[in-house]
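The values are calculated or read from the model by the stated rules, or taken from the named source; none is laboratory data. Everything numeric in this text was worked out from a predicted model, so none of it was measured. When the accessible area is computed, the model is the full protein with side chains, heavy atoms only, and any ligands, DNA or RNA have been set aside. Shrake-Rupley method; radii C 1.70, N 1.55, O 1.52, S 1.80 Å.
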Amino acid sequence: QVQLVESGGGLVQAGGSLKLSCEASGLTLRGNAMAWYRQAPGKQREVVATVYSDGTTTYADSVKGRFTISRDNAKNTVYLQMNSLNAEDTAVYHCNRRVAPLSWGQGTQVTVSS
């Protein structure tokens, strides 16, 4: 059974940083394009960042220059380093495959106070 477990969220002041982790079990991340998604209250889920199997990364315009996605295939884990956080980054963050997402985990709440 595939399980994606996100962690690292919390309450942070505007301008602060957080690093999210996503550990996968039942799924080998190597060879999969993985993404971080977020969903704010009353809004649709959106893709924040993607890391492809060759290491290429892409970002939503709203987070370019502030967020960095990375992967550690040996640990079967994907990370999201978030810097210069602002109130608009407040959301529940999930990781999943970029294509054909699997069952969604619980996610991790990020709350940025202004």
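Applied to segment 69-81, the Karplus parametrisation 6.51 cos²θ - 1.76 cosθ + 1.60 on θ = phi - 60° returns per-residue 3J(HN,Hα) values of 9, 8, 9, 10, 5, 5, 9, 6, 9, 10, 10, 9, 8 Hz, with x for Gly and Pro.
The amide H of L27, built 1.01 Å from its N in the peptide plane, has Q3 as neighbours under 5 Å, considering only residues 5 or more places off or on other chains. Counted residue by residue at 0.36 nm each, then reduced by the alpha carbon distance between them, the extension gain from V5 to T57 reaches 16.6 nm. Largest GNM mean-square fluctuation across L85, L18, L102, computed for the chain with C-alpha springs under 10 Å, falls on L102. If one computes the Cα centroid of segment 61-102 and of segment 43-57, what distance in Å separates the two points? If we compute the Cα centre of each part, the gap is 7 Å.
Using a cutoff of 8 angstrom between alpha carbon atoms and counting only pairs six or more residues apart, the relative contact order for segment 1-110 works out to 36 percent. Bridging of K43 to lysines at a Cα separation below 25 Å is possible for K19, K64, once same-chain residues fewer than 8 apart are set aside.
Split the accessible area of segment 19-114 by element, probe 1.4 Å, and carbon with sulfur accounts for 45%. Once phi is turned into ³J(HN,Hα) by the Karplus curve 6.51 cos²θ - 1.76 cosθ + 1.60 with θ = phi - 60°, what whole-Hz value does each residue of segment 90-106 show in order, with x for glycine and proline? After applying 6.51 cos²θ - 1.76 cosθ + 1.60, I find 5, 4, 8, 9, 10, 10, 5, 5, 6, 10, 6, x, 8, 4, 7, x, 6 Hz.
Counting only Cα atoms, the size of segment 20-76 along its three principal axes is 34, 24, 16 Å, in decreasing order.
The residues of segment 53-114 have, on average, 51 Å² of accessible surface per residue, using a 1.4 Å probe with all protein chains present. Using heavy atoms of the protein chains and a probe of 1.4 Å, the accessible area assigned to T56 is about 70 Å². Highest mobility in the GNM of the chain, judged by mean-square fluctuation with C-alpha springs under 10 Å and restricted to V63, V99, V51, is found for V99.
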